[in-house]
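Every number here is computed from the coordinates shown, using simple stated rules; none is lab data. Bear in mind that the values here come from a model prediction, so they are computed numbers and not experimental data. Heads up, the Cβs are rebuilt from the backbone with ideal geometry, glycines too, and the neighbour counts pull from every protein chain shown.
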Amino acid sequence: MLNYIWFGMLAIGFAVAIMNGRIEEVTKAAIESSGTAVQLSIGLLGIMCMWSGLMGIAEKSGLVKRLARLVRPLLGFLFPGIPKDHPALGAVVMNLAANFLGMGNAATPLGIKAMGELQKLNSNKDTCTDAMSMFLVLNTSSIQLIPATIIALRSAGGSSNPTEVIVTIWIASVCATITGVTAAKILSFWGAERRRKRKWKY
Amino acid sequence: MEVLKLLSAYAIPAVFLVILSAGIINDVKVYDVFVEGAKEGISTVARIIPSLVGLLVAVGVFRASGALDLIIYAVRPAAELLGIPSEALPLAFLRPISGSASLALVSDIIKTYGPDSFTGRLASTMMGSTETIFYTLAVYFGAVGIKNIRYTLAAALIADCAGVLASVWICTALFGSYVK
């Protein structure tokens, strides 16, 4: 899947560039983007180390497990594959909370930590689990309590009421989250059905 | 509003204090464990770099080629039917693939049409309620070495579409419809 998307983006990009006569721009973009990727990663390095270290303490002290137990009744139905008392759920919640509070810098390291915990539960290490898909859908559609960047952008643009979009953002986010969770549940059910049928045939 | 701002400001110091206190109470050698954990951060970033290079190069080429303009041209009639103004349409397509480019686009829309115009409010809402899906998937899956992502991208894109449509719907309901 990823292979085809990646190939598609590049093939379409180069084909359109040839038609548009934008070969030089495209070449420049390819080279510059690879530099940007490394810059982004290096920029992430410090904050990643900080949160990884802090999460290490949280784990050793049993805090993550306790958090997992606490949110189990709430999030259990979204992640039926995570066993009781596993720290994965705790890490997932910490990432979702960081997203919710708009702690953008903390969210990524915590999310990767959560993916690492989910990977420990995965029997097929290069294929993602239902729990991982659900986690990423929640993560990419999550609500932000205060969309600070947009408010800043709006007040810089001279808005008479920069914060008026908070409510519309909340409502649109909730719609996205509910749709995403439903889609993930249905798609995972479909996949399971298909696998079961295939097993029956052979 | 003030309470919300305060909550955001205190979030990180509070997390620090809670985790460190829990560590000390449970006899964890906090500094040693921190340093040990921080080491993991380095290898994580090293694992992310290749997938991020792959993604950003593809996005960069795709954007610079002008392919996005073609797609937008093709779907414009359908978008008009759904009530998406053509000024905000590029944002709907740019948002899942590039966070920085879509932020630049929003600030451009705000400058051109004004933050309190329908287009300005819609763009703000769309920006705030959706995420850079491709980046998140590349980083998170890259970090743990997942190659087969199954239906994750499909589900995330469905959520993204729902976010865009919901933005149009709620902005029309609250701020009045889009008039040319």
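Descriptive notes on the structure:
- Peptide-level mean, for B:99-109, of C-beta atoms on other protein chains within 10 Å: 2
- Longest segment of chain A lacking trypsin sites (Lys or Arg not before Pro) that sit in a DSSP loop with at most 16 other Cβ atoms within 10 Å: A:1-83
- Charge dipole of region B:109-180 about the Cα centre (unit charges at C-beta), most positive-ward option of B:115, B:159, B:138: B:138
- Distance between the pseudo-spin-label points of residue B:3 and residue B:112 (7 Å out from Cα toward the beta carbon): 4.0 nm.
- Additional length obtainable on full extension of the chain from residue A:155 to residue A:15, 0.36 nm per residue less Cα span: 46.3 nm
- Within chain A: Cβ-based charge dipole about Cα centre, in debye rounded to nearest 20 (Lys, Arg +1; Asp, Glu -1): 1120
- Helix runs (DSSP H) in chain B reaching 27 Å along axis by Cα, Kyte-Doolittle at least 1.6: B:2-25, B:152-175
- Among B:72, B:49, B:24, the largest mean-square fluctuation in a Gaussian network model of chain B, built with springs joining Cα atoms closer than 10 Å, belongs to B:24.
- Additional length obtainable on full extension of the chain from residue A:3 to residue A:197, 0.36 nm per residue less Cα span: 67.2 nm
- Modelled spin-label separation between residue B:24 and residue B:74, with each label point placed 7 Å from Cα along the Cα-to-Cβ direction: 6.1 nm.
- For chain A, averaging the sequence separation of C-alpha pairs within contact (under 8 Å, six or more residues apart) and dividing by the residue count gives a relative contact order of 15 percent.
- Here region B:57-81 and region B:112-174 have alpha carbon centers that stand 16 Å from each other.
- Amide H to amide H, with H built 1.01 Å from N, residue A:127 comes under 5 Å of B:147, B:148, counting only residues 5 or more places away or on other chains.
- The loop-placed trypsin sites (Lys or Arg not before Pro) in region B:1-75, going by DSSP, that have at most 13 neighbouring Cβ atoms within 10 Å of their Cβ come out as B:29.
- Choice from A:18, A:151, A:186 with maximal GNM fluctuation in chain A (Cα, 10 Å cutoff): A:18
- Check: region A:143-202 dipole with +1 on Lys, Arg Cβ and -1 on Asp, Glu Cβ, in debye: 960
- Between B:15, B:35, B:106, the residue with the greatest mean-square fluctuation in the GNM of chain B (Cα pairs under 10 Å linked by springs) is B:15.
- Globularity index of region A:92-202 is 1.39 (Cα radius of gyration / 2.2 N^0.38 Å, N = number of residues).
- Computed magnitude of the charge dipole of chain B (debye, nearest 20; Cβ of K, R +1, Cβ of D, E -1): 300
- Distance (nanometres) between label positions extended 7 Å along Cα→Cβ at residue A:74 and residue B:82: 3.1
- Along the axis of the charge dipole computed for chain A (Cβ charges of +1 for Lys and Arg, -1 for Asp and Glu, origin at the Cα centre), the listed residues A:42, A:53, A:179 are led at the positive end by A:179.
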